[in-house]
Structure formats: structure tokens, C-alpha cells
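Inspection log for the structure reproduced underneath, given as C-alpha cells.
The values are calculated or read from the model by the stated rules, or taken from the named source; none is laboratory data. Since this is a predicted model, take the numbers as computed values, not measurements. Please note: Cβ atoms are built from the backbone with ideal geometry, for glycine as well, and neighbour counts cover all protein chains shown.
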């Protein structure tokens, strides 16, 4: 029986096939918790690669984890906005003369949450290939204090003054909206609620462990 000898070139896999497989992986999509969920998060393999050492974190991966926490560990005392919310909020509040209408459109982002009755609100901020975090603490009514806003920025690359301005405007716009509802059960003491803008306390925190 004749034996056919193959050249080395014949036994090596085609490089084009390897590239094609890599491209397929890069385009592969993962949906969490499911494709049909209205709050689904879409991930690709290339997004997941940002978890490799010395690579900058991407929004889809952080949003995946935020959604995972919401679904697997629901907590009425905490609400985490996704990574796109802050930039949308900043854009809406910057439109002179259109702030009210733009803000109304944004309300769908927290339609299931009363922000003034949720003890902790977390807002991730992304800019200049860097992440920082805003934590808003809403005290209980008996504490007789207004909201406390903390900006955690390990490298100090995001202007805390600008961030505080955006968050303060956000709280005041929502306060104005709720003022229209005479039946609303106010979450703070009457004095604090009536003069909310004077009772928003802000604090900048630097020096936290840096993360890419």
C-alpha cells in the first residue's frame, strides 16, 4: 500500500483560520441576566480581556458586576447606577434652558427607586481613562441632617468641585419634582427638607487604593 508523505506546510493549521477563530471570539456576545431582560448587560470576549493584568477596566464589565449584585444580592438600602448614568446626568444638567425637560427624560433611570429614601446611592464616574466613585448617604429622618455626598478619587484626576456641582443639581432637581406632590412623605425633618440646598454636605476623599 502506498504511503503519502505530507509537507510540513500541509500539516500546519492555516493562519487565516486562527485569525477567523479569534475574530469570532471577539464578536461573541454574552447577555446577563438574559437577552430578553430589559436591563440586560451585553459583554463581548474583548470586553472580558480588560480583566487581564495592566489593562484598563471597561464599562461593560463593571456594569455586568453591578447587575450581578442587583440580581443575586438585592438590597433595599443600596442602589448602584450603571457607569453611563453620570455622563448622561452631566449632559442633561448642562443644557441651558432645557434642563427640566432633559431631567424628566432621565428619570427612567431610577423610576423604581426613591433616591431620598434609599440610604446609599453609588455613582461610578469614568473619564481620562480613570474611575472614581460618588457615594450619597441619605440619613434617617431622626438624625436631622441632609444628604452627605462623598467623592472617592484615588488619583485626584476628576474635579471634585465639578462632581459635587452635578450631584447637588441632581438632588435639587429631584427635590423640586417631588415638591409638586403634596402627598409625598418627606424623608427628612421639615426644616431640612424645606432648605435642602443648604443641607447637602460634601466631602472629597483621596488616597484610596488605585485601580486601573
**Asked** Among (1) modelled with pLDDT under 90; (2) in a helix (DSSP H, G or I), which single condition is residue 69 missing?
**Response** (1)
**Prompt:** Do the conditions hold for residue 46, that is, is it at pLDDT below 90 and either surrounded by 10 or more Cβ atoms within 10 Å (Cβ to Cβ) or over 17 Å from residue 84 (Cα atoms) (or both)?
**Reply:** yes
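The rows are residues; the columns are (1) part of a helix (DSSP H, G or I); (2) at pLDDT below 95.
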site: 142; (1), (2): yes, yes
site: 163; (1), (2): yes, no
site: 168; (1), (2): yes, no
site: 182; (1), (2): no, yes
**Complete:** The residue from 89, 121 that alone is closer than 20 Å to residue 63 by Cβ, touching a helix residue (DSSP H, G or I) at 6+ places or on another chain (Cβ under 8 Å) and touching a residue at least 60 places away in the same chain (Cβ under 8 Å) is 89
**Message:** What's the total number of residues in the range 145-165 that are within 15 Å of the chain's Cα centre (by Cα) and surrounded by fewer than 20 Cβ atoms within 10 Å (Cβ to Cβ)?
**Reply:** 1
**Request:** Would you mind finding the one in 142, 174, 206 that is in contact (Cβ under 8 Å) with a residue 40 or more places away in the chain and either more than 28 Å from residue 63 (Cβ to Cβ) or touching a helix residue (DSSP H, G or I) at 6+ places or on another chain (Cβ under 7 Å) (or both)?
**Result:** 174
**Request:** Working only within the range 80-132, note down all residues that are in contact with a strand residue (DSSP E or B) (Cβ under 7 Å, 6 or more places away or on another chain) and over 27 Å from residue 190 (Cβ atoms).
**Result:** 80, 81, 83, 85, 86, 122, 123, 124, 125, 131, 132
**Request:** Identify, by number, the condition in (1) surrounded by 13 or more Cβ atoms within 10 Å (Cβ to Cβ); (2) modelled with pLDDT under 90 that residue 3 doesn't meet.
**Result:** (1)
